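Have a look at the structure below before the remarks.
The values are calculated or read from the model by the stated rules, or taken from the named source; none is laboratory data. All figures in this text were calculated on a predicted structure; none of them were measured in a lab. Because the Cβ atoms are built from the backbone with ideal geometry, glycine has one as well, and the counts that use them run over all protein chains shown. Surface accessibility is based on the protein's heavy atoms, side chains included, excluding ligands, DNA and RNA. Shrake-Rupley method; radii C 1.70, N 1.55, O 1.52, S 1.80 Å.
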Amino acid sequence: MADERIRVVVAKPGLDGHDRGVKIVARALRDAGMEVVYTGLHQTPEQIVAAALQEDADAVGLSIHSGAHMTLFPRVLELLREAGAEDVVVFGGGIIPAEDAAALGRQGVAAIFTPGTPTARIVEWVRAAVGGDGPAVAGPVPQGAMTTPDDPPEAAEGRSADPRGTGTPSR
Amino acid sequence: MTHQDVPAEPTPSSSGHAGPGRRTTGPADPEAGRADPGAGPADSGTAIGEAAERWRARYAATGERDADFTTLSGEEVAPLYSPLDDPDRDVAGTIGFPGEYPYTRGVYPTMYRGRSWTIRQFSGFGNARETNERYKYLIAHGGGGLSVAFDMPTLMGRDSDDPRSLGEVGHCGVAIDSVADMEVLFSGLPLERLTTSMTISGPAPMLFAMYLVVAERQGADLAHLDGTLQTDIFKEYIAQKEWLFPPQPHLRLTADLMQFCAAEVPKYHPISVSGYHIREAGSTAAQELAFTLADGFAYVELGQRRGLDVDVFGPQLSFFFDAHIDFFEEIAKFRAARRIWARRLRERYGATNPKALQLRFHTQTAGVSLTAQQPDNNVVRTAIEALAAVLGGTQSLHTNALDEVYALPTERAARIALRTQQVLAEETGAGNVIDPLGGSWYVEHLTDVTERRAEELFARIEEMGSGSMLDGVLAGIDRGWFQQHIADAAFAYQQQLEKGEKVIVGVNRHVTDDEPLEILRIPAEVEREQRQALARRRADRDQGAVDAALAKLEAAARGDTNLIPHLVDAARAEATLGEMTVTLKGVFGEYVEPPML
Amino acid sequence: MTDSQGTAPELDEGTAPQLDVGAGAEAGAGAGGPHAASAVSGPMRPSLRPSHGDGRRRRPAPVNELIERVRGGDRRAVARLISLLERGEGGELRTAAEALSASAGQAAVVGLTGAPGVGKSTLASALVALWRREGRTVGVLAVDPSSPYTGGALLGDRVRMQAHALDEGVYIRSMATRGALGGLAWATPQAARVLDAAGCEVILVETVGVGQAEIDVAGLADTTLVVLAPGLGDAVQIAKAGILEVADVLAVNKADREGADRVARDLREMVHLGLPRVPEPGGDRRWSPPVIKLSAGNGKGVDQVAKAIAEHGSHLRSSGELQRRRHARAAREIEEIAVAALRTRLGAVRRGQALDDLAERVLARSLGPYTAADELLRYGEPAPAPVPAATRARG
């Protein structure tokens, strides 16, 4: 079985430097077994989208407290569209009033999380939104694991061998 | 200073056990909970000792309910404190009297009996004209001093027409591109008579230069200017992340400011060493206290290395703290702050001027405690936080408006925030008695604990700096040490919230459907108009004079002369903030923080 | 798993992009600090260009198609292919590895390792800027550890390199170790091949130097750069950990700090004393790793580091050492793949029960471990008879 991990780019676009929330969300996603690329502060939408493309991100999370969300989110969506990457899920949070969140939703932002949203909900949402083959639960990867180019014939029936060769079923 | 005696079996007694099987995630100080020993052998036989034992027995028999009894920061506290706690305390040496070393009870002998704290409501939004109107409104309604909030581009040293400023002009404060804007901002407001606080740090020297030009044009005498410039760059690297350059150039500019003010603007406070942002970023109360004071000590060392006399520049330092929702923890924090500062300034840095030993501070109620859900509750939170600041002896106070979670405050919300302080000052009697909680067994205990925690952190910082706080702070920033502590504390608190161990009413308990809240919108015209005004200004000014001033500024930056006069010259020529910043970035470079999650 | 997308427009142009050998222009002395994105001079290899649509993310294109697009410099294909390799899907992996290895080997692979806090990312960003000024296309693989408990990872190396995010001549990919011991993900060498195939002339592999990481990186890189900094563990400790054996270039960062000179001095002495280096067949004892002091944050000394890397590269080629290392690397890779395959097979014998059964028998002392292993290798043939404890000679 493959080791599929959900990859999320979390970013702070614009000039705002309040990173408490984005760091908490990053940790929560990591604790849920996802690979989280943090691009740092003061990012332009162009930088964020470039990162999302290079990192093959499944989702991009934007944290904005400066009030510029109606400029920054649409720009990110536009750039993803131009790159043919509309399938990347865009979500976000910060200081975003409800009506703006609704407008952004109509433009293609998949979710806006208001302050106070439990991280567990954000994690579950990302998992569901990304969908696909991500691991159902966070779990340790067997240490010292390596991959074989082939599954051995014995594995075809019954108990499937972990390609890492530990003999235990992968998650 | 506290007794270490502990009763044989761990009962939930006044010795401070939180109850069987309860864990906290905050820093565990084994002494904290056991600070009240109660039944030491020396105490039985006294009336009070026996009373304590009786109480303890009854307490154990009744039992605690299942709840979290730690402070917001996770500090364990006992159910009760009594005279049996620390009976040998050196009251004169550690508590003393107001206006006297170590200033635990307050920096002035009269405190609010002499003069009430200043109501200083931070505000600014849109353009200078609208902000000017809001200032006049606040002053008319009884606000005492001005406090300027700048917009994000200004805070980051960018002009309103900078491509990176798109969508951010005027949103969280006023857009100031050059002196022309500042003149409008203070139009009709005599700077010589109004204390003016400017909340800006990275580009503080540039904004200060503009302020001086406006004051000069109003005919004010620099020696009479009273106010505060935030300036504190350490907390930017640590928490708020609004720096322009790497640390060393910022420190050079800070020292330039200190030197300039010491000589030319003696009543002005060129640095407001800030803990607010550190706390808002998620630190505990003790971390807020320790990191802020460490930054303060670092500035003292900076000034001394520049050859300045601590007795001269020390009085010009002021502080800025958060007032969070755990009432007593905050009061203890403020009292500990004064005591620590006084002691270190005297013993470590050799200050003898009492004014240098007095820690004076401004407080803002905790923005991070406000909720978007059921925002009316925020009025209650703010009131309690404000009371804590008052009982903690703050010199000036900003109370948040109930809608500040979403946006800049509406006029109605801003008025309620203002009235909150007026009710406190004029109805509650909270200011009638100086340090009214002084002598409270609990508050004195908590003050001691907070001080102890801070000292532990000071030791680590000094170690990173081989004995120097300045070097320690810089090393810590470089390593992401502060940032890591803050992120860890923030995450730990978040987990407590999500497990329901800590409660926020309306968010994880007592949740209801929300009523829509009317919020202040900054119309897009603000940005458009600002950009147009800026374009006109650029066209109208003497470009040659601007270029010459910027060239001089650049040359001075490459050398080591004091940059403030050069900034003033550039400001006078109507150079924009962005132009001054770009000029300096050309010399100083830029900075990316260490990745610390 | 077919896709219905069109091909990227660039590929429709027909001709392969031009190779401008020797066209690298020097960038002017850039204003701004060391982190400002450098001026991009003419590419010497095809630059990596954005693609236009490759369909639904969760149904990636077939491997061979991805590889073709990667060769054409399609950035999204690069991203997808690396993810695919990380996923480790048996059949796809084999196809990719075989196809990629057929054309790999053009890029110079530079390993960069060091303890947390020494300033690797700053140096990495500065090196990228420098190589870009020389007109070379650069790929960066930044590896960070996965959490052993949750399997997730925080990948923060981009923070210091985002200045290059918009440079078409730079490709940066963060990778999590995903359970691999040491400093690299097992897929890192594969990812390096992808970047090579995409046209990167220099591939920088950055990893945190803990445990075996230095050895791993040295196994992958042509030139291994180890970064140290004063105040984070003295040179003697480092020598014990074996770093000196694998480092081709030693960099002491934060040279303005107290203790930097001492660290550099100690390192030079150790190098001079000729502490043993990794014994290669034919042993590379003619290269003495230089010790370079630098202050990456101030941009000072980075060019010397780059020069040392370049000089090492020349040395590798002229001495034949490059061939020897690559030979060793190929042998190692084959062995690892074979061992992993073997492990899988053994784990699957009798549907995985064989190992458990044998373990029980060893515990019951009816069988010794060596005999048990023999049996396992014989794929489940039963052992002749239980061997009495006294005659179990091998220990």
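Before moving on, here are some points about what is shown:
- Residue satisfying all of: in the stretch A:1-45; more than 11 Å from chain B (Cβ to nearest Cβ) and surrounded by fewer than 22 Cβ atoms within 10 Å (Cβ to Cβ); nearest to C:Ser83 (Cα to Cα) among these: A:Glu4
- Scanning the stretch C:150-166 for residues that are within 10 Å of A:Met34 (Cβ to Cβ), within 12 Å of chain B (Cβ to nearest Cβ) and in a loop (DSSP other than H, G, I, E, B) gives a single hit, C:Gly152.
- Hey, B:Arg113 surrounded by fewer than 17 Cβ atoms within 10 Å (Cβ to Cβ), within 19 Å of B:Ala386 (Cα to Cα) and in contact (Cβ under 8 Å) with a residue 40 or more places away in the chain or not: yes
- Set side by side, the residues C:Ala340, C:Ala373, C:Ala390 differ, and just one is part of a helix (DSSP H, G or I) and either at pLDDT below 75 or open to solvent by 100 Å² or more (accessible area, probe 1.4 Å) (or both), which is C:Ala390.
- Output for the stretch B:473-514, where each listed residue is among the hydroxyl-bearing types (Ser, Thr, Tyr) and away from chain A (no Cβ under 12 Å): B:Thr512
- Selection count, the stretch A:109-121, where residues are under 22 Å from B:Pro375 (Cβ atoms), aliphatic (A, V, I, L, M) and surrounded by fewer than 20 Cβ atoms within 10 Å (Cβ to Cβ): 0
Residue-by-condition table, conditions (1) touching a Pro at 6+ places or on another chain (Cβ under 8 Å); (2) free of Cβ contacts under 8 Å to residues at least 24 places away in the same chain; (3) surrounded by 23 or more Cβ atoms within 10 Å (Cβ to Cβ); (4) within 13 Å of chain B (Cβ to nearest Cβ):
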{"position": "A:Gln54", "(1), (2), (3), (4)": "no, yes, yes, no"}
{"position": "A:Pro74", "(1), (2), (3), (4)": "no, no, no, yes"}
{"position": "A:Ile96", "(1), (2), (3), (4)": "no, no, yes, yes"}
{"position": "A:Gln107", "(1), (2), (3), (4)": "yes, no, no, no"}
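- Among the conditions (1) within 14 Å of another protein chain (Cβ to nearest Cβ); (2) in contact with a His (Cβ under 9 Å, 6 or more places away or on another chain), the only one that B:Pro594 does not satisfy is (2).
- B:Leu567 meets all of the listed conditions (1) within 14 Å of another protein chain (Cβ to nearest Cβ); (2) touching a residue at least 12 places away in the same chain (Cβ under 8 Å) but one, namely (1).
- Residue match in the stretch B:109-121 (condition: within 30 Å of B:Pro315 (Cα to Cα) and of a type in the set (A, V, I, L, M)): yes
- Remark: C:Ala102 falls outside the filter, which requires a residue to be more than 12 Å from chain A (Cβ to nearest Cβ) and not in a helix (DSSP H, G or I).
- Yes/no for B:Ala215 being of a type outside the set (Lys, Arg), away from chain A (no Cβ under 14 Å), free of Cβ contacts under 8 Å to residues at least 40 places away in the same chain and open to solvent by less than 10 Å² (accessible area, probe 1.4 Å): yes
- Taken together, the residues in the stretch B:304-313 that are surrounded by fewer than 24 Cβ atoms within 10 Å (Cβ to Cβ) and assigned to a helix (DSSP H, G or I) amount to 5.
- In the stretch C:73-91 there is at least one residue that is within 9 Å of chain A (Cβ to nearest Cβ), open to solvent by 30 Å² or more (accessible area, probe 1.4 Å), at pLDDT 55 or above and part of a helix (DSSP H, G or I).
- Filter result for the condition that a residue is free of Cβ contacts under 8 Å to residues at least 40 places away in the same chain and crowded, with 24+ Cβ neighbours inside 10 Å, over B:Asp151, B:Asp181: B:Asp151
- Considered as a group, the residues in the stretch C:167-189 that are more than 14 Å from A:Ala51 (Cβ to Cβ) and facing chain A (nearest Cβ under 8 Å) include one that is surrounded by the fewest Cβ atoms within 10 Å (Cβ to Cβ), and that residue is C:Leu181.
- Positions within the stretch B:552-578 being over 28 Å from C:Ala126 (Cβ atoms), assigned to a helix (DSSP H, G or I) and open to solvent by 30 Å² or more (accessible area, probe 1.4 Å), in sequence order: B:Lys552, B:Pro565, B:His566, B:Asp569, B:Arg572
- Qualifying residue in the stretch B:243-250 (condition: closer than 18 Å to B:Ile477 by Cβ and in a strand (DSSP E or B)): no
- Selection status of C:Glu214, at pLDDT below 85, within 26 Å of C:Gln106 (Cα to Cα), of a type outside the set (Gly, Ala, Ser) and touching a helix residue (DSSP H, G or I) at 6+ places or on another chain (Cβ under 6 Å): yes
- Single residue of A:Glu86, A:Glu82 found to be at pLDDT 90 or above, in contact with a Pro (Cβ under 9 Å, 6 or more places away or on another chain) and within 12 Å of chain C (Cβ to nearest Cβ): A:Glu82
- Residue match in the stretch B:115-130 (condition: more than 23 Å from the chain's Cα centre (by Cα) and among the hydroxyl-bearing types (Ser, Thr, Tyr)): no
- Test: residue in the stretch B:529-538 that is farther than 30 Å from B:Ala414 by Cβ, within 14 Å of chain C (Cβ to nearest Cβ) and open to solvent by 70 Å² or more (accessible area, probe 1.4 Å): no
- Matching residues in the stretch B:95-110 - criterion: being open to solvent by 20 Å² or more (accessible area, probe 1.4 Å) and either within 21 Å of B:Gln421 (Cα to Cα) or not aromatic (Phe, Trp, Tyr) (or both): B:Pro98, B:Gly99, B:Glu100, B:Arg105, B:Tyr108, B:Pro109, B:Thr110
- From B:Arg381, B:Arg412, residue being surrounded by fewer than 23 Cβ atoms within 10 Å (Cβ to Cβ), within 22 Å of the chain's Cα centre (by Cα) and in a helix (DSSP H, G or I): B:Arg381
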